[in-house]
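Engineer: Handing you a structure now.
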Amino acid sequence: MRSVAIVLFGFGLLATHAAVATLAPMHTFAPNLVLPIAICLGVSADVHVVRGAVISFVLGYALDAFCGNPMGLQTFVLVASFMLARGVAFRLLPQGAFMSAVLTFAMALLSGFGVLALRAIFEQQREILSYEPLRTASILLGSALTTALFAPAIFAAVRRVDGRLLQKTDERATMA
């Protein structure tokens, strides 16, 4: 049930982002609002690896559907980001809003470059290779920065959703 709540939260973020993007274009500063969810699940000790990977997979698939990307592109990158955050969590275990924003910024840059690399390798059109490097770098930097700014709030929301449902389950278990 907790996993469904997190997926619904991510879907709500995607829907809200799509609605806001129709009113105010965010080309350079478009955040990836589901990336902080995958990172939060990756650094959380309470989340099992399989559960986090499945949630990341579902959110990545939804992101592909929302963005019109080739199916599987964001899915792969989001699951890989979850796994990388899982590996980093055992070494760094980010605490607080600042560290979660810094980790999200670094992961957003990595995932942005990963998406570009995968598109350059697998797409039939080679348009992506003709992008201006400075413009592309500024878009990746702007997107990573706005994703990092939203990260602390998304981390708190995911922990609240996951924790509340866990608390209700524990309360029911103690009453029985």
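Laboratory data are not the source of any read-out in this text; all were calculated from the coordinates shown. Owing to the predicted nature of the structure, the values given are computational and were not obtained by experimental measurement. A quick note on method: Cβ atoms are made from the backbone with ideal geometry, for glycine too, and the neighbour counts reach across all protein chains shown.
Engineer: If you wrap a convex hull around the alpha carbons of segment 33-85, what volume per residue comes out, as a whole number of Å³?
Structural biologist: It is 53 Å³ per residue.
Engineer: Tell me the net charge near CYS40. Cut-off is 14 Å between Cβ atoms, CYS40 excluded, with +1 for each Lys or Arg and -1 for each Asp or Glu.
Structural biologist: So the surrounding residues net to +3.
Engineer: At 0.36 nm per residue, minus the direct Cα-Cα distance, what do ALA106 and MET1 gain on full extension? Give it in nm, one decimal, please. Don't skip to the end; give the middle numbers.
Structural biologist: On the way: separation 105, 0.36 × 105 = 37.80 nm, distance 3.06 nm.
The ALA106-MET1 span can extend by a further 34.7 nm.
Engineer: Compute the signed sum of charges (Lys and Arg +1, Asp and Glu -1) over the other residues within less than 15 Å, Cβ to Cβ, of PHE113.
Structural biologist: Once all neighbours under 15 Å are counted, the net charge is +2.
Engineer: What is the fewest-to-most order of ASP46, ASP162 by other Cβ atoms lying within 10 Å of their Cβ?
Structural biologist: Least to most surrounded, the residues fall as ASP46, ASP162.
Engineer: Run the numbers for VAL50 and ALA65: contour at 0.36 nm per residue of separation, minus the present Cα-Cα distance, in nm.
Structural biologist: 3.2 nm
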